[in-house]
Amino acid sequence: MNIVLSSCAVIITVVFVFLSLEAIDTLKQIKKTAAEAEKLAVNANERLTDIEPAFKTVNSVTNTVVSGWGKLITFISSFLRK
């Protein structure tokens, strides 16, 4: 009976050590991935900051066009009401 318990204890210890090593490798990979994701986010933030003036220009042009069409539609509808 002691041999069975001893062999079970050895097997459990070996499995625990193996799982611990795998957990350490996994945590290292998670750390590396998180660092890469942080670099990517910072890079994306810098690029978005660089193109922000383009977005503002497009927004201004869009508002101008929409405003022009709105005035035209208002004029036509007021003309048709009379």
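Just a few scattered comments:
- Check on residue 59, open to solvent by less than 70 Å² (accessible area, probe 1.4 Å), part of a helix (DSSP H, G or I) and of a type outside the set (A, V, I, L, M, F, W, C): no
- Of all residues in the range 33-47, those being among the hydrophobic types (A, V, I, L, M, F, W, C) and open to solvent by 100 Å² or more (accessible area, probe 1.4 Å) number 1.
- Flag for residue 30 being among the hydrophobic types (A, V, I, L, M, F, W, C) and exposed (fewer than 10 other Cβ atoms within 10 Å of the Cβ): no
- Only listed residue being open to solvent by 100 Å² or more (accessible area, probe 1.4 Å) and of a type outside the set (D, E, K, R), chosen from 3, 51, 24: 3
The values are calculated or read from the model by the stated rules, or taken from the named source; none is laboratory data. Remember, it's a predicted structure, so these values are computed and weren't measured experimentally. Neighbour counts are summed over all protein chains in view; Cβ atoms, including those assigned to glycine, are modelled from backbone coordinates with ideal geometry. Calculation scope for accessible area: heavy atoms of the full protein, side chains included, ligands and nucleic acids excluded. Shrake-Rupley method; radii C 1.70, N 1.55, O 1.52, S 1.80 Å.
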